[in-house]
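Peer 1: Dumping the structure here so I can ask a few things about it.
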Amino acid sequence: MRATTVLLVSLVALASGCGPDCYSSCEKIFGDAADECDIQIPGKEGESGRQEMISQCVAHCESAMGNNGDIGDYTPNERASGDDDIALENEKQAALWMDCVSETSCDNLNKNYCAPVKNYP
């Protein structure tokens, strides 16, 4: 039920011409359509793995959207090291992350810009 609600809200936002949202950002990262990056995560291959990563990504983003807070030291436009355990903690960080994903090439997303891209604590 929650996944259906997320999908419906995302479709309404896309249809209304709004900026990026959690679903469109996660779909860009993990989706396999023409304008999407199809980033692969070991152990999460195939359609079921792709859908699992999209769901985890959306849940992580929406969880952050439910919290007020400051940007703090979150800097999505810098490349994160592979060992960084970066989490979106609040709505301001999530908004920056969504803008970063929207504006960043698939090649750079795969190089760990706009973290978190490949891991969701």
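Peer 1: How many residues are loosely packed, with under 14 Cβ neighbours inside 10 Å, out of contact with any helix residue (DSSP H, G or I) (no Cβ under 8 Å at 6 or more places or on another chain) and among the polar types (S, T, N, Q) if we restrict to the stretch 29-74?
Peer 2: Within the stretch 29-74, residues that are loosely packed, with under 14 Cβ neighbours inside 10 Å, out of contact with any helix residue (DSSP H, G or I) (no Cβ under 8 Å at 6 or more places or on another chain) and among the polar types (S, T, N, Q) number 1.
Peer 1: Another question about this same structure. Any residue in the stretch 100-109 that is more than 19 Å from Gly19 (Cα to Cα) and either surrounded by 15 or more Cβ atoms within 10 Å (Cβ to Cβ) or in contact (Cβ under 8 Å) with a residue 24 or more places away in the chain (or both)?
Peer 2: yes
Peer 1: Next question, about the same structure. Could you check how many residues of the stretch 15-55 are under 9 Å from the mean Cα position of the chain (by Cα) and not small (Gly, Ala, Ser)?
Peer 2: 9
Peer 1: Filter the stretch 48-67 for residues that are among the charged types (D, E, K, R) and within 23 Å of Lys92 (Cβ to Cβ) and give the result.
Peer 2: Selection gives Glu62 alone.
Rule-based calculations on the coordinates, nothing more; no lab input. Just so you know, these numbers come straight off a predicted model, no measurement behind them. Neighbour counts are summed over all protein chains in view; Cβ atoms, including those assigned to glycine, are modelled from backbone coordinates with ideal geometry.
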